[in-house]
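The values are calculated or read from the model by the stated rules, or taken from the named source; none is laboratory data. Values in this document were obtained by computation on a predicted structure and should not be read as measured data. Counting neighbours? That spans all protein chains shown, and the Cβs are built from the backbone with ideal geometry, glycine included. Side chains are part of the model used for accessible areas, which takes the heavy atoms of the whole protein and leaves out ligands, DNA and RNA. Shrake-Rupley method; radii C 1.70, N 1.55, O 1.52, S 1.80 Å.
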Amino acid sequence: MHDDLTDLVRKTLGDPAAEIAEQRVEPVETTMNALSTVGLHRVRGTTTSGASWSFFVKSVQSLRVWDGLDQFPEAMRPTMGELFPWRADVDAYLADEPLPEGMRMPRLCRLDVLDDDRLVMWLEDVQEAPGEWDLERYHRAARLLGELAAMRPANGPNASLRTFATNVPPQVMIPAVLDDAVWRHPLVAPHADERLREDIAFLATRIDTILEALERLPHTGVHGDASPGNLLVPADGSAEFVAVDWSWNSPGAVGFDLGQLLVGRAHDGSLAVEDLPAVHEAITDGYGSVLKHDGYLGALVLRSLWTAIPVQRLTDDPDDAMRAFFAHRIALARYLAVHGRALDL
């Protein structure tokens, strides 16, 4: 691989004479991956002169060649394979559209197109600054997402959201979460009640109504998955946030990006559900200082309610940590269901 990387290392370091002395490949562990993500790695090393270099390498593929496609009902597979926006991230880097001051993307250092369904991105390995996601950081992130949306007015509707919401939840997610066995399970039963189940079932009947309400709103270009994990704070001070993992190829109703900003850390358990109201206030204030956010909660419910209770984890060992995790995620489901019930449609 040295020969393949030498030119890239030279360009990155700005040293036309650099020679690779040592290199290593390290897998990057993450709790959340898009279905199209094949692998995440850091490829790093040193040169003979002692300079260090590092790349973040992301391999993605179309769902047409994904070996997990058979998990979906057969009638859905062509839709998933053809319409899932597996190229959204790389297309965002290649488009290189203007961003609000304070936001940037990582540098796309190299793109290896393996075939029509597979590619590998060699990205700048952004070194993150220490610090917590406090309310001020949430507010700043939301303000920049509002500025991003204001820079990218677009015509709706959100075809990607409609395709997802009318196919995947009704056929896969909702039947799974409403299964009687889930609500009797010892990881669920102590924390969930029949009212929550009824609310989830009711909101499942309102998918089209929520979509229609969203489609009447102004639309903008969006990041698509603007969770805190995808808004890196660079240690070099080159921006307030480096936005990674762009994941949507349709415009979204105003406020669309706030949903994943709100629940991103709640999904993995690093943000307590009781802290969500304060975060909600911070992000709606930040985004609202730039643009209305009327589409925020409707899109949030459609994208996040059905997976809030992680039914795929019910086969894990029911230890204390898992019991606490389910209690947390059921509280998250209840929080989302309350917002769903309160939607003005």
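The mean sequence separation of alpha-carbon pairs under 8 Å and at least six residues apart, normalised by the residue count of the stretch 188-345, gives a relative contact order of 29 percent. Each peptide in 232-242, 57-67 gets a packing score, the mean of other Cβ atoms within 10 Å over its residues, and the list from highest to lowest is 57-67, 232-242. Helical runs (DSSP H, four residues minimum) scored at -39500 (n - 2.57) apiece and divided by the length of the chain put the mean residue ellipticity at 222 nm at -11500 deg cm²/dmol. Compactness of the stretch 1-155, taken as the C-alpha radius of gyration over 2.2 N^0.38 Å, stands at 1.25. Computed over protein heavy atoms with a 1.4 Å probe, the carbon and sulfur contribution to the accessible area of the stretch 88-187 reaches 51%.
For the residues N158, N249, N167, a GNM of the chain with alpha-carbon springs under 10 Å puts the largest fluctuation on N167.
Taking the Cβ-Cβ separation of R313 and V113 as r and a Förster radius of 41 Å, what is the calculated FRET efficiency to the nearest 0.05?
According to the calculation, E is roughly 0.70.
Oblate is the label for the stretch 261-305. Its Cα gyration tensor axes, ordered a ≥ b ≥ c, give a/c of at least 1.5 and b/c at or above a/b. The average projected area of the chain, computed from the convex hull of its Cα atoms over all directions, is 18.5 nm².
Largest GNM mean-square fluctuation among D199, D112, D316, using the chain with Cα springs under 10 Å: D316. Of the accessible area of the stretch 222-345, computed with a 1.4 Å probe over protein heavy atoms only, carbon and sulfur atoms account for 49 percent. The string of couplings for the stretch 63-74 from the Karplus curve (6.51, -1.76, 1.60, θ = phi - 60°) is 5, 4, 10, 6, 6, x, 4, 6, 6, 9, x, 4 Hz, one whole number per residue in order, with x for Gly and Pro. In terms of the mean number of neighbouring beta-carbon atoms within 10 Å, the peptides 253-263, 202-212, 42-52 order highest first as 253-263, 202-212, 42-52. Note on the stretch 258-329: with charges restricted to the Cβ of Lys and Arg (+1) and Asp and Glu (-1), its dipole about the Cα centre is near 280 debye.
When the chain is treated as a GNM with alpha-carbon contacts under 10 Å, the residue of L305, L83, L114 showing the greatest mean-square fluctuation is L114.
Here the contact order of the chain, divided by its residue count and restricted to Cα pairs under 8 Å and six or more residues apart, works out to 18 percent. Our analysis of the stretch 238-345 gives Rg over Rh at 1.00, with the two radii drawn from alpha carbon positions and Rh computed by the Kirkwood formula. Put simply, the amide H of R152, placed in the peptide plane, has neighbours under 5 Å in G221, leaving out anything fewer than 5 places away on its chain. Here the stretch 259-320 and the stretch 83-145 have alpha carbon centers that stand 21 Å from each other.
Full extension of the chain between E97 and A272 gives 59.5 nm of extra length, using 0.36 nm per residue less the Cα-Cα distance. Once backbone amide H atoms are built at 1.01 Å from N, V38 has S59, V60, Q61 as its partners under 5 Å, excluding neighbours fewer than 5 places away on the same chain. Per residue, the stretch 170-287 exposes 38 Å² of accessible surface when a 1.4 Å probe is rolled over the protein heavy atoms with every protein chain present.
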